[in-house]
Amino acid sequence: MNYLIQFIVAMTATVAVAILFATPKKELLFCGLSGAISWIVYYVVDEKSGNTVAACLAATFILTVFSRALAVLRKNPATIYLLSGIFTLVPGAGVYYTVYYLISGDRAQFASKGLETFEIALAIVFGIIFGFAIPEALFHRHTHGKQAKRAADSQKL
Amino acid sequence: MAHTKEILTLAVEIADTMLRSGAEIYRVEDSVIHILEAYGLEDFDVYVLSNGIFASANENREDACSMVRHVPMAATQLNRVVALNQLVRDICDHKCTLPEANLRLQKCRDLSPYSRGITIFACGVVCAAFSLMFGGSMLDGLFSFGIGLLEQLFLLACKKYKVSRFLTTVYTSVIISLLCIFSVITRLPIHYDKLVVGAIMPIVPGIVFTTSIRDFYNEDYLSGSIHLIDALLTALCIAVGVSLPILLFRYLGGFWF
């Protein structure tokens with residue numbers, strides 16, 4: 001039940017973010033899905049393993065792969081799903097807590113939060129890189145010959 | 001056979017609009033190359049930066065021409081990126097003649113973001129949802145929603161009066177922080193940190209950061225660095241903006257932060 005609530009809230013958040021960046025109406029639902037799925041992955045992995053950085057890495061990876069799959073299915077740039085979905089993972093909270101501990105004079109907490117924020121940012125970097133490292137052809141299994149080539153060409157765009 | 005200059009102008013104009021609307025460097029560069037090839041140009045060169053475009057075609061021939069564009073960073077508008085992507089695809093499939101393409105480019109440029117009311121509401125929803133996701137209570141979500149509405153109003157005003165991007169971020173985070181402090185002063189059971197974390201979400205540099213990673217991945221190191229510095233500075237501005245009111249209230253004394 002808790003997961004369902006998290007899913008719905010994350011989806012609402014992502015759709016709203018997508019609206020702020022003027023995503024076309026037809027794609028809003030898919031943006032919401034990509035955000036919600038990555039958040040659920042993050043939430044579950046974080047809860048089960050207690051490792052926030054690993055959770056972020058897994059979530060970003062899934063998000064990137066999912067965005068690319070959607071891009072092929074919906075014939076749109078992967079960017080639009082990726083950009084809206086990433087907002088659930090970006091360490092905005094980490095930045096705030098780091099600064100909060102800095103101005104509170106709590107050096108130990110500041111260092112630990114700051115380092116964690118940095119690690120999360122790195123995890124996002126590698127999540128995206130691993131996600132894009134999967135060869136384009138794998139996303140085009142269902143198309144054949146010339147059509148597949150054309151699809152791959154326009155996908156590059 | 002169309003003139004080299006017209007083709008190059010079309011390609012660069014499309015690239016210009018794409019870059020402005022928030023497409024990543026690789027896509028922009030690739031689009032230009034595809035368009036030029038589709039219209040039968042062979043000898044050309046393109047270089048795209050995070051805020052500039054350089055292109056030349058047929059340099060050693062009579063109809064040589066080259067173009068340089070300065071593209072200031074603007075608000076991300078994904079509907080333009082989608083529409084332009086479709087346009088470039090149609091051009092590559094030779095479904096679109098030059099005059100048609102120009103008309104469609106104009107249409108893409110006229111695409112506007114969602115209306116003011118909707119974006120204000122959406123910003124409220126973003127703040128509320130993120131407050132809840134980071135473990136806030138329903139009451140936190142409600143206050144966040146209100147703060148989000150005011151935040152977007154302020155952002156729109158900054159856009160109207162053309163305040164610089166970094167100042168906008170600092171001012172907005174100061175206002176967020178102040179509003180959060182005022183909500184805590186009501187003595188309702190509100191968590192200050194959950195409010196702030198939710199409310200800064202709409203101005204967090206998520207997009208620039210992602211674009212920067214993708215630039216590095218595609219070996220556009222210069223654009224990647226520019227975007228990365230942009231993201232870091234924005235984060236710094238948020239940090240400064242949020243902490244100023246807290247420090248002020250502490251200085252005034254007797255506050256429980």
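The values are calculated or read from the model by the stated rules, or taken from the named source; none is laboratory data. Source: prediction; values computed, not measured. Glycine also receives a Cβ, built like all others from the backbone with ideal geometry; neighbour counts cover every protein chain displayed.
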Unique match (being on the phi < 0 side of the Ramachandran plot and assigned to a loop (DSSP other than H, G, I, E, B)) among B:61, B:89, B:80: B:61
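Per-residue answers, yes or no, for (1) at pLDDT 85 or above; (2) under 13 Å from the mean Cα position of the chain (by Cα):
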{"site": "A:64", "(1), (2)": "yes, yes"}
{"site": "A:75", "(1), (2)": "no, no"}
{"site": "A:85", "(1), (2)": "yes, yes"}
{"site": "A:97", "(1), (2)": "yes, no"}
{"site": "A:100", "(1), (2)": "yes, no"}
{"site": "A:119", "(1), (2)": "yes, no"}
{"site": "A:128", "(1), (2)": "yes, yes"}
{"site": "A:135", "(1), (2)": "no, no"}
{"site": "A:157", "(1), (2)": "no, no"}
Per-region count, region B:28-72, residues among the hydrophobic types (A, V, I, L, M, F, W, C) and within 14 Å of another protein chain (Cβ to nearest Cβ): 8
- line: Among A:70, A:57, the single one that is farther than 28 Å from residue B:75 by Cβ and surrounded by 19 or more Cβ atoms within 10 Å (Cβ to Cβ) is A:57
message: What's the number of the only condition in (1) under 21 Å from residue B:132 (Cα atoms); (2) surrounded by fewer than 21 Cβ atoms within 10 Å (Cβ to Cβ) that residue B:164 fails to meet?
response: (1)
query: Within region B:83-111, how many residues are without any contact (Cβ under 8 Å) to a residue 60 or more places away in the chain, more than 9 Å from every other protein chain (Cβ to nearest Cβ) and not polar (S, T, N, Q)?
result: 11
Test: residue in region B:38-53 that is closer than 26 Å to residue B:234 by Cβ and either assigned by TED's automatic domain parsing to the domain that holds residue B:234 or among the β-branched types (Val, Ile, Thr) (or both): yes
- request: Mind counting the residues in region A:76-103 that are part of a loop (DSSP other than H, G, I, E, B) and more than 8 Å from chain B (Cβ to nearest Cβ)?
  value: 3
message: Quick check on my filter: what residues within region B:9-48 are under 25 Å from residue B:113 (Cβ atoms) and outside any helix (DSSP H, G or I)?
response: B:22, B:23, B:24, B:48
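I'm trying to understand the selection: among the residues of region B:225-237, which are within 21 Å of residue A:125 (Cα to Cα) and of a type outside the set (Gly, Ala, Ser)? Write out each step before concluding.
If we filter region B:225-237 for residues that are within 21 Å of residue A:125 (Cα to Cα), which is where we start, we get B:225-236.
Listed by number, the residues that qualify are B:226, B:227, B:228, B:229, B:230, B:232, B:233, B:234, B:236.
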query: Would you say residue A:100 is without any contact (Cβ under 8 Å) to a residue 60 or more places away in the chain and in contact with a Cys (Cβ under 8 Å, 6 or more places away or on another chain)?
result: no
- line: Note on region A:16-56: residues without any contact (Cβ under 8 Å) to a residue 60 or more places away in the chain, within 12 Å of chain B (Cβ to nearest Cβ), in a helix (DSSP H, G or I) and farther than 22 Å from residue A:117 by Cα are A:16, A:19, A:20, A:25, A:26, A:27, A:28, A:30, A:31, A:32
query: Which residues, taken from region B:59-76, are crowded, with 18+ Cβ neighbours inside 10 Å and not hydrophobic (A, V, I, L, M, F, W, C)?
result: B:76
- prompt: Considering only residues of region B:1-27 that are polar (S, T, N, Q) and either more than 14 Å from every other protein chain (Cβ to nearest Cβ) or out of contact with any helix residue (DSSP H, G or I) (no Cβ under 9 Å at 6 or more places or on another chain) (or both), which is surrounded by the most Cβ atoms within 10 Å (Cβ to Cβ)?
  reply: B:4
